[in-house]
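Computed from the coordinates by the stated procedures, all read-outs in this text should not be read as laboratory data. Note that the coordinates shown come from a computational prediction; the quantities given were computed from them, not determined experimentally.
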Amino acid sequence: MPYMDGIEYVPTCKMQHRETFMARRAFLRQILCAGLGLPFFDAVAQSGPAPAKKLNVMMKSAWGSDDPTKAAFPFLHGLALSEAGHNVQIFLLGEAVSLMRKSVAEAVVPVGWPALSETMRKVVSRQVTIYACGACARARSVAETDLAQWGAKFGNPQIFVSLVEWADRVITE
């Protein structure tokens, strides 16, 4: 609580509590740094961070070229997850299947990111499997040749279910 002279005065009891807290913190730091006494803390300090579990991740998206940034997210995030060592599979449905056309992928440029076609090439090089809903693709005249250039496959409800069962995480974007 400041006074007219601009100095903040802290009640004595609060200062004593703070000093006690800081003394405890310093004492515990000394114990951990010196490796004294507490076997549990020693084991944690020596083991380092726990290794990350390799996840099976299914990315699902229905965003098409009408929103380039949202359309790119499953590929951008799928690429990042794959580069981090996780297993990734992408399932596209609805308007997102139109992204399988090379001309559309080249025209889609998300805000702040490279063209979608560039990201898709990186995803393909990491052997991330891409599925495009077969019924959705037929309704939008997306052909098997469109999928083949990305190494993609037609999906169906059974494949969708199998991916959900395979995945540790399903990410909908």
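Worth a mention:
- One decimal place: the segment residue 169-residue 145 gains 5.6 nm when fully extended, by the rule 0.36 nm per residue minus the C-alpha distance.
- Stretch gain in nm, segment residue 159-residue 109, where the contour uses 0.36 nm per residue and the Cα spacing is subtracted: 15.1 nm
- The stretch 85-136, relative contact order [Cα under 8 Å, separation at least 6], %: 53
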